[in-house]
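In what follows, a single structure is set out as structure tokens and then discussed.
The values are calculated or read from the model by the stated rules, or taken from the named source; none is laboratory data. Because the structure is a prediction, the values reported are computed rather than measured. Cβ: placed from backbone, ideal geometry, glycine included. Neighbour counts: every protein chain shown.
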Amino acid sequence: MSTTVHPWTSTRRPTTGPTPAPASTESDRTPMSAQPHAVEIVDVAKSFGAVRALAGVSLSLDHGEFVAVLGPSGCGKTTLLRCMAGFERIDSGRIALGGRAVALPGIHLPPHRRQVAVVPQEGALFPHLSVADNVGFGLTGRRGALRGKDRSRRVEECLELVGLTGMGARMPHELSGGQQQRVALARALAPRPPLVLLDEPFSALDASLRAELRSDVRTALREADATAILVTHDQGEALSMADRVAVMRDGEIRQVGTPAEVYSTPVDAWVATFVGEADLIQLPEGHAGHSLETHLGPIAVAEGGPLGTHVVIRPEQVLLTALDHPRRSEVGGVPARVQTVDFHGHDALVTISLPDGTTARVRTGAHPPAVGTDVIAWVEGTCRTVPAGGL
């Protein structure tokens, strides 16, 4: 269909081909080789008094993989990171790095013996040390520590890796917030640790700097061939940076998959609404077939399994055109009125009100219709059904 039919709609179009394969889980992932996982977390539980922070968490990473642990505040993601780093003891389960168990009930390898690097929310640089000395600090006091020219060479390599070549003589207070985070990453990568843990490292930065730093950090980790786990509550951060995303809620991992899998094939209604925007339509009891009449008109439905109770409609699947558009009869649709416009520059999230009193969200391009405009709305592409889990 020509994009001139719906001038306010983003050029990003929903997939209308075959339904994607279900997201993989830890139980059905087959190792690519006989080598042990770089990270293996098996049924880990952790409580603080009566509060259960982790409830049987399992997750594994292959060497060089970047996984984002995504979830709302209080879901247990930071506790999981602290258990991996050795800052907290686990109550049950097992954590292994490179095939070596570092945490079991009654066995707790201390942080300095795990050789795990942590990049905190704010760089936490030593204010009295230069940039080079901050980066080189990670090379001191370790078995096989580098000295002299070898140490200086490794420091320069790491600064180049994070885009700070020639800045080794500066002091932390002479750097911007983004540069300080780059130094913290260089310090983490310097000793070539088996695992790098990033604890919401971009949360204190402004939006434009976050976007730039995400890309640079991802590139640096890939070039260093580092295994990394990013803990974040930011969906855009997780989806844009990670090889796989582990979605957490209430101390449990609800889904693990590639960013595309988690977004396009959520395992339940809660994941669907947490990872990106989504409107849910409850399926009528006894519904069967591949189409459904809704307040947005007829939609194509891809069955998500026998437990499906709701249809997921993503805002980019809802298209708009003017009431008087000459080709209106070709697209069908239902009348609607623009209620709100949340403008983001490159696109906008528009809320429309429908004749039955309900609302729907629409992702448009950079030129959305004005508030109060009467439009025609319809859904394009196939929508998935999901279980109600978590609602």
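In this entry, Val267 passes the filter for residues that are aliphatic (A, V, I, L, M), at pLDDT 90 or above, farther than 22 Å from Leu139 by Cβ and in a loop (DSSP other than H, G, I, E, B). When Ala272, Ala184, Ala228 are checked against the criterion of being of a type outside the set (Asp, Glu) and more than 15 Å from the chain's Cα centre (by Cα), a single residue qualifies: Ala184. Within the option set Ala188, Ala226, being more than 20 Å from Glu277 (Cα to Cα), of a type in the set (Gly, Ala, Ser), assigned by TED's automatic domain parsing to the domain that holds Leu61 and not in a helix (DSSP H, G or I) holds for one residue only, Ala226.
Among the listed residues Ala68, Ala45, which satisfies the condition of being under 22 Å from Glu261 (Cβ atoms), modelled with pLDDT of 95 or more and not basic (Lys, Arg)? Even if it seems obvious, please write down each step before you answer.
Numbers: Ala45 fails: under 22 Å from Glu261 (Cβ atoms).
Answer to the selection: Ala68.
Residues of region 184-226 that are among the charged types (D, E, K, R), without any contact (Cβ under 8 Å) to a residue 40 or more places away in the chain and more than 13 Å from Glu237 (Cα to Cα): Arg192, Asp206. The set of residues in region 257-268 that are under 13 Å from the mean Cα position of the chain (by Cα) and either small (Gly, Ala, Ser) or surrounded by fewer than 23 Cβ atoms within 10 Å (Cβ to Cβ) (or both) comprises Gly257, Thr258, Pro259, Ala260, Glu261, Tyr263.
Go through region 109-125 and report how many residues are more than 27 Å from the chain's Cα centre (by Cα) and not in a loop (DSSP other than H, G, I, E, B).
Here is the first cut: in region 109-125, the residues more than 27 Å from the chain's Cα centre (by Cα) are 109-110, 112-113.
Subset that is not in a loop (DSSP other than H, G, I, E, B): 112-113.
Residues that pass the stated criteria total 2.
Please tell me if Pro259 is closer than 30 Å to Arg314 by Cβ and assigned by TED's automatic domain parsing to the domain that holds Val44. So Pro259 passes the test. Between residues in region 153-177 that are closer than 18 Å to Leu213 by Cα and assigned by TED's automatic domain parsing to the domain that holds Ala204 and residues that are among the β-branched types (Val, Ile, Thr) and buried (at least 16 other Cβ atoms within 10 Å of the Cβ), which pairs lie under 6 Å by C-beta distance while being six or more apart or on different chains? Once the first residue is closer than 18 Å to Leu213 by Cα and assigned by TED's automatic domain parsing to the domain that holds Ala204 and sits in region 153-177, its partners that are among the β-branched types (Val, Ile, Thr) and buried (at least 16 other Cβ atoms within 10 Å of the Cβ) give Cys158/Val135; Met167/Val131. Identification of strands (runs of 3 or more DSSP E) wholly contained in region 49-108 with 1 or more residues that are in contact (Cβ under 8 Å) with a residue 60 or more places away in the chain, surrounded by 15 or more Cβ atoms within 10 Å (Cβ to Cβ) and of a type in the set (A, V, I, L, M) yields 51-61, 66-70, 92-97.
For Thr3, are the conditions met, namely being over 24 Å from Leu221 (Cα atoms), at pLDDT below 95, surrounded by 13 or more Cβ atoms within 10 Å (Cβ to Cβ) and not hydrophobic (A, V, I, L, M, F, W, C)? The answer is no for Thr3.
In this structure, is Val262 of a type in the set (A, V, I, L, M, F, W, C) and at pLDDT below 95? Full working, then the answer.
On the way: of a type in the set (A, V, I, L, M, F, W, C): yes; at pLDDT below 95: no.
So Val262 does not fit the description; no.
Residue pairs, Cβ under 7 Å, 6 or more apart or interchain, first in region 345-366 and surrounded by fewer than 16 Cβ atoms within 10 Å (Cβ to Cβ), second of a type in the set (Asp, Glu). List them. Hits for this filter: Ala366/Asp347.
Among the residues of region 136-161, those that are out of contact with any Asp or Glu (no Cβ under 7 Å at 6 or more places or on another chain), among the aliphatic types (A, V, I, L, M) and at pLDDT 75 or above comprise Leu139, Val155, Leu159. All of (1) more than 31 Å from the chain's Cα centre (by Cα); (2) modelled with pLDDT of 90 or more; (3) assigned to a loop (DSSP other than H, G, I, E, B) hold for Asp133 with one exception: (3).
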